[in-house]
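The values are calculated or read from the model by the stated rules, or taken from the named source; none is laboratory data. Predicted model, so just to flag it, every value in this text is computed and none were measured. Please note: Cβ atoms are built from the backbone with ideal geometry, for glycine as well, and neighbour counts cover all protein chains shown. Ligands, DNA and RNA are excluded from the accessible area calculation, which covers all protein heavy atoms including side chains. Shrake-Rupley method; radii C 1.70, N 1.55, O 1.52, S 1.80 Å.
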Amino acid sequence: MPSAVSADPISGATRLRPVLLKLNRELRREIHSLGVTGGQVSLLIQIEKLPGMGVRELATRERMSVPGMSKYVARLESAGLIRKTELSDKRRVGIVLTEEGHRVLASVKRRRTAWLTERLRNVEPHELDAIDAAIEPLLKLLDEDIAQ
């Protein structure tokens with residue numbers, strides 16, 4: 001038997017949106033002391049997943065303009081988190097994480113996991129099961145699986 005939410009996606013969206021926004025905000029706060037923004041972390045994760053991708057592909061994945069992405073890439077490069085590398089097609093360059101970029105990203109993941117773990121310890125087992133069951137349907141809302 002369908003629940004009230006399954007019969008009304010607007011109701012589900014209205015309840016889910018503020019929860020996701022608050023979770024996102026809290027997870028972003030966890031990285032403040034590392035000197036990177038949530039947007040920069042998002043780019044670092046994409047680069048980690050597909051090392052050697054170019055600025056154009058990164059811009060497409062992040063739904064940004066190429067000139068705008070070039071500015072973000074320049075900032076990450078000047079911060080020592082990424083470097084450009086030559087590809088077999090000499091007309092293009094790829095982007096890879098530096099050792100520092102890998103270190104920062106690992107720290108981000110550790111802090112975010114610790115924050116979530118601490119809160120999940122206060123959840124009843126049946127609620128934890130419900131959260132776990134919701135992960136796959138939530139992933140379907142995204143264009144791709146993004147592990148942050």
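Tell me, what does the Kirkwood hydrodynamic radius of the chain come to in angstroms if you use every pair of distinct C-alpha atoms?
On the way: mean 1/r = 0.0570 Å⁻¹.
Computed over the chain, the radius equals 17.6 Å.
At a probe radius of 1.4 angstrom, the accessible area of the chain per residue rounds to 69 square angstrom.
Would you work out the charge dipole size for the chain about its Cα centre, treating the Cβ of every Lys and Arg as +1 and the Cβ of every Asp and Glu as -1, and quote it to the nearest 20 debye? Mind showing how you got there, number by number?
Details: 25 positive and 20 negative charges, 146 e Å.
Its charge dipole is roughly 700 debye.
Projecting the Cα atoms of G54, W115, P125 onto the charge dipole of the chain (Cβ charges, centred on the Cα centre) puts G54 farthest toward the positive pole. Look at the dipole of the chain built from charges on Cβ: of L23, G38, A13, the Cα furthest out on the positive end belongs to G38. Taking the chain as the region of interest, the number of lysine pairs whose Cα atoms are within less than 20 Å, with members eight or more places apart or on different chains, is 5. Overall, the anisotropy analysis places segment 46-101 in the rounded class: the square-rooted eigenvalues a ≥ b ≥ c of its C-alpha gyration tensor yield a/c less than 1.5. The residues K140, K71, K109, K22, sorted by heavy-atom accessible surface at 1.4 Å with ligands and nucleic acids left out, run K140, K71, K22, K109 from largest to smallest.
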